[in-house]
Amino acid sequence: MTASKSSRARNARTGAQPGTARAAAKGGTAVKSGTVAGDRPGRDQARNGAARNGAERNGPARSGTARSGAAARGPRTIEVRDDSAERGPAPWLQIATFVLALAGLGVSIYLTIAHFTESALAGCSESGLVNCTKVTTSAQSWVFGIPVAVLGLAFFVFAAVIMSPWAWRASRREIHLARIASLVVGIGFVLYLVYAELFTIGSICLYCTSVHVITFLLFVLTAFAAAAWGLKPGAPWKLVPDRQPE
């Protein structure tokens, strides 16, 4: 009985030791496998994060380089600004009104000299419907005690200044309003003189008629400029226009 009990006890000890070793081996394997299994996702995540950060860093630089390269390789466009839409009357209208004002000024100077020297006007008839002397010496040749020739001279002196290209390019609104107001007064005075020549005096003067026509043209051009461009500074004018970019 004693021998059998001791043998059983030995067998139990030897059986427990392999089981414990096996359990320990299994536990060790589990620990190792757990460590490996836990480390691999962490390493993969770290690698993926590094790859993503690299892609984010390199992505904008590469895309920016590609975009700048594409923009450099693409066709170039030249922006041409049209300032005529932002400015006032065109240069041709400024020059035309200035020339007309100078012409009216020259005729007015000649009429003023003839009035005070009482000399006959050159190339003008002295009889019939066209009679310059009859018109320039009539009672209607004075208005408010001032000779009409002097009033015409003062008007065209002001017109030569206000119709100059420098005045057209002025930025002050008052200058453009003064131009329109002076032409309104001028055309009203012309209508009175034409009525006086045709229905009161019964004769016309060629020089006076030329002044009337010039005043009418200035009025039309000024009204057209105000209607088309408004009260804006005129476009700059040059004798030689700039070359357009090809």
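At q = 0.12, 0.15, 0.16, 0.22 Å⁻¹, what is the log10 ratio I(q)/I(0) for region 94-216, with the Debye formula run over Cα points and no solvent? Here the Debye-derived log intensity ratios amount to -0.45, -0.67, -0.75, -1.26. Note on region 93-246: dipole from Cβ charges, positive end direction compared against Ser138, Leu105, Leu221; the farthest Cα belongs to Leu221. Summing +1 for each Lys or Arg and -1 for each Asp or Glu among the other residues whose beta-carbon sits under 15 angstrom from that of Thr215 gives 0. If R0 is 30 Å, the Cβ-Cβ spacing of Ala139 and Ile109 corresponds to a FRET efficiency of close to 0.80. Each Cα pair under 8 Å and six or more residues apart adds its separation to the average, and for region 110-235 the resulting relative contact order is 34 percent.
Computed from the coordinates by the stated procedures, all read-outs in this text should not be read as laboratory data. Everything quoted here is computed from the prediction, not taken from an experiment. Here the Cβ is made from the backbone with ideal geometry for all residues, glycine too, and neighbour counts use every protein chain on show.
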